[in-house]
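To start, the structure itself, in structure tokens.
The values are calculated or read from the model by the stated rules, or taken from the named source; none is laboratory data. On a predicted model such as this, the values are computed, not experimentally measured, just so you know. All Cβ positions, even for glycine, are placed from backbone atoms using ideal geometry, and neighbour counts span all protein chains on display.
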Amino acid sequence: MRLELEDIRYVYATGTPFEVEALRGVSLAVEPGEVLGIVGGTGSGKSTLVQHMNLLLTPASGRVLVDGVDARSLEKSGLRRRVGLVFQFPESALFAPTVEEDVAFAPRQLGLDEGEVQERVSESLRSLGAEDLAVRSPFALSGGEKRRAAIAGVLAMRPEVLILDEPTAGLDPATREELLALILGLRKSGISVVLVSHDLDEVAEVADRVCVLHEGMVRAAGTPAEVFYRDPAQAPATVRVASLVKVSKAEIGDPVRFEETLEALGALRGV
Amino acid sequence: MENPGEGTHRGGSLAVSCEKVSFSYPGSERPALSDVSFELRPGEYVGVVGPNGGGKSTLVRLLNGLLRADSGHIRVSGRDPATEPFKVRKHLGVLFQNPENGLVAPFVEDDVAFGLENLGVSREEMLGRVATAIQAVGLEGYERREPSTLSGGEKQRVALAGLLAVEPEVLVLDEPTSMLDATGRREVLEYLETLRAEKTVLHVTHHLEELAGADRILLLNGGDLIADQTPERFLSDADLLRENRLVLPVVPRLALKLGLSPAKLHTPEALAEAILARTESGTRAG
């Protein structure tokens, strides 16, 4: 699925003294099978923006296009199945006595037969390395396990686009790395992922393209190398190191990911 | 195991001493801490790291007397926290993870005074201490603000001021930045850094980079004290880090993989400089 946002504007508390223009004409596309990183500071409009992708919020003006078709003409429940949104701290919505029942909740609402529901539940848990959690209580899990259980619930709808809003917030660094590896695994299986994050280092590791939001507008968009080398002071740590070295050693190129950067810097050693 | 602190002296001039301390939660099969021994000398800044369930929070609760050890000896400024918890808390203050839980009063200044009110100091002295503490965390002008209107970083600084007003010699920081965003983290760390000169600090964290400047780092895993080492040695031990689910941030990790010192090179500028220095000298040598 190609998901396109066209000149989206959104205003909170319209017509009150607290009116805030959260999005001021944002256009971007989520290409099939890519990981799109959306970065920006607190209040830049990231969370507001992604809630437009499945029309949880309706724009004041502008259009959302699904494979070129205006999303408003599509049935909402179908759209939300195809574009799955995982909120910040999604584990707060876990409620069932076991993880598998929690994950089964949404697919059951689709009226699928029980065999199909079970198949989706195990597929979803498997793709997040969470099969072992199936019969456990969501309330007895660690932070990282809860997070995976909650994401599995959205994956069980078999979305074509999966939006993750700050999925690693509050996780310890090792758990965070594991979750990032799982995101790359999902992309391999053909799902497009929209990763909202304020952590440039993690976006650098997984994103195919990056969109920088600032005060409700797109400040920069492109490949991670294009975006981050344009302003290395506001870039992931890998780019900050590499750009400083590059001043006298131009041959290292524009590495972004950790392994890429390590290789480029390591190659200098023999010089 | 490397543990220079193991069972030498007891109490005395030490800020904190733990000698073969063990603790199990009721109904749990596995001890939360087993035979843990270490010491904090006055003025030291010591980090504590380790995976969830490793024993970090249990250690903090034992030190301020919220829990009582099953065996072993704990002394905080010479006192046993299990038998004299209120006296110990004058000497040892804990800054917890979530500032929301600790703030109770309508205004910032009342919150900062809250811990002092039970200590029987005169009103005059109390006002002086509150003002000093508010200044120490850079919140002058916030005295009459309502805590609920503050950012996460500011709330945590209010909580820190409340501890400082009690004037403890030892500060225990229990993941004080884990609920904060990057800006909040930076501001809290900045004020904690200024306290180093005058306090003994035990800093529990998931973020190894916060401990690059510590005197020592303790590693707790599965209730055991696995290591008690300088940051220099600790952060350079790739096996130790991997085996204990510890991940270095990007810059020191790059340094380590390039064979440079991760403890000294934790900013992009320092690492880039070290890489360039090495390639230059390589050029001359070749």
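Observations on the model:
- Of all residues in the range B:85-120, those satisfying the criterion of being surrounded by 18 or more Cβ atoms within 10 Å (Cβ to Cβ) and either acidic (Asp, Glu) or part of a strand (DSSP E or B) (or both) are B:92, B:93, B:94, B:95, B:109, B:111.
- Looking only at residues in the range A:42-85 that are among the aliphatic types (A, V, I, L, M) and under 14 Å from the mean Cα position of the chain (by Cα), the one that is surrounded by the fewest Cβ atoms within 10 Å (Cβ to Cβ) is A:85.
- Criterion (of a type in the set (Asp, Glu), touching a residue at least 12 places away in the same chain (Cβ under 8 Å) and closer than 21 Å to residue B:196 by Cβ) met by exactly one of B:109, B:169: B:169
- The residue of the range B:164-189 that is farthest from the chain's Cα centre (by Cα), among those that are buried (at least 24 other Cβ atoms within 10 Å of the Cβ) and not in a loop (DSSP other than H, G, I, E, B), is B:165.
- Criterion violated by residue A:220 - all others in (1) free of Cβ contacts under 8 Å to residues at least 24 places away in the same chain; (2) of a type in the set (Gly, Ala, Ser); (3) within 17 Å of residue A:200 (Cα to Cα); (4) at the interface with chain B (Cβ under 10 Å from one of its Cβ atoms) satisfied: (4)
- When the range A:220-235 is filtered for residues that are among the charged types (D, E, K, R) and not in a helix (DSSP H, G or I), only A:231 remains.
- Boolean, residue A:223 is among the polar types (S, T, N, Q), under 20 Å from residue A:40 (Cα atoms) and at pLDDT 95 or above: yes
- Flag if residue B:139 is part of a loop (DSSP other than H, G, I, E, B), in the same structural domain as residue B:86 (by TED's automatic domain parsing) and hydrophobic (A, V, I, L, M, F, W, C): yes
- Which numbered condition residue B:198 fails, given (1) at pLDDT below 90; (2) within 22 Å of residue B:17 (Cβ to Cβ); (3) surrounded by 16 or more Cβ atoms within 10 Å (Cβ to Cβ): (3)
- Flag for residue A:181 being surrounded by 19 or more Cβ atoms within 10 Å (Cβ to Cβ) and of a type outside the set (Asp, Glu): no
- Of all the residues in the range A:18-66, those that are in a strand (DSSP E or B) and either out of contact with any Gly (no Cβ under 9 Å at 6 or more places or on another chain) or not small (Gly, Ala, Ser) (or both) number 17.
- Residue B:178 meets each of the listed conditions (1) facing chain A (nearest Cβ under 10 Å); (2) within 27 Å of residue A:259 (Cβ to Cβ) apart from (2).
- Among the residues listed as B:280, B:169, B:193, the single one being within 9 Å of chain A (Cβ to nearest Cβ), of a type outside the set (Gly, Ala, Ser) and more than 30 Å from residue A:178 (Cα to Cα): B:280
- Residue in the range A:47-66 that is touching a helix residue (DSSP H, G or I) at 6+ places or on another chain (Cβ under 7 Å) and of a type in the set (D, E, K, R) present: no
- Each residue in the range B:201-235 was checked for being of a type in the set (A, V, I, L, M) and assigned to a helix (DSSP H, G or I), and 3 pass.
- Once the range A:188-204 is narrowed to residues that are surrounded by fewer than 16 Cβ atoms within 10 Å (Cβ to Cβ) and in contact (Cβ under 8 Å) with a residue 40 or more places away in the chain, the residue that is farthest from the other protein chains (Cβ to nearest Cβ) is A:190.
- Taken over the range A:30-51, the residue count meeting the criterion of being in contact with a Ser or Thr (Cβ under 8 Å, 6 or more places away or on another chain) and not β-branched (Val, Ile, Thr) is 6.
- Checked against (1) within 14 Å of chain A (Cβ to nearest Cβ); (2) closer than 19 Å to residue B:63 by Cβ, residue B:214 passes all but condition (1).
- Looking across the range A:54-70, the residues that are touching a residue at least 40 places away in the same chain (Cβ under 8 Å) and of a type outside the set (Val, Ile, Thr) come down to A:54, A:57, A:59, A:60, A:61, A:62, A:63, A:65, A:67, A:68.
- Considering residues of the range B:62-84 that are surrounded by fewer than 17 Cβ atoms within 10 Å (Cβ to Cβ) and not in a loop (DSSP other than H, G, I, E, B) only, the residue farthest from the chain's Cα centre (by Cα): B:71
- The range B:234-261, subset more than 8 Å from chain A (Cβ to nearest Cβ) and in contact (Cβ under 8 Å) with a residue 40 or more places away in the chain, residue nearest to residue A:245 (Cα to Cα): B:252
- Set A:237, A:207: member being buried (at least 19 other Cβ atoms within 10 Å of the Cβ) and at the interface with chain B (Cβ under 10 Å from one of its Cβ atoms): A:237
- Residue within the range A:244-256 that is within 13 Å of chain B (Cβ to nearest Cβ), of a type in the set (Gly, Ala, Ser) and more than 17 Å from the chain's Cα centre (by Cα) present: yes
- Residue check for residue B:259: part of a loop (DSSP other than H, G, I, E, B), on the phi > 0 side of the Ramachandran plot and not polar (S, T, N, Q): yes
Per-residue answers, yes or no, for (1) of a type in the set (Gly, Ala, Ser); (2) free of Cβ contacts under 8 Å to residues at least 40 places away in the same chain:
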| site | (1), (2) |
| --- | --- |
| B:19 | no, no |
| B:28 | yes, yes |
| B:32 | yes, no |
| B:37 | yes, no |
| B:41 | no, no |
| B:46 | no, no |
| B:49 | no, no |
| B:54 | yes, no |
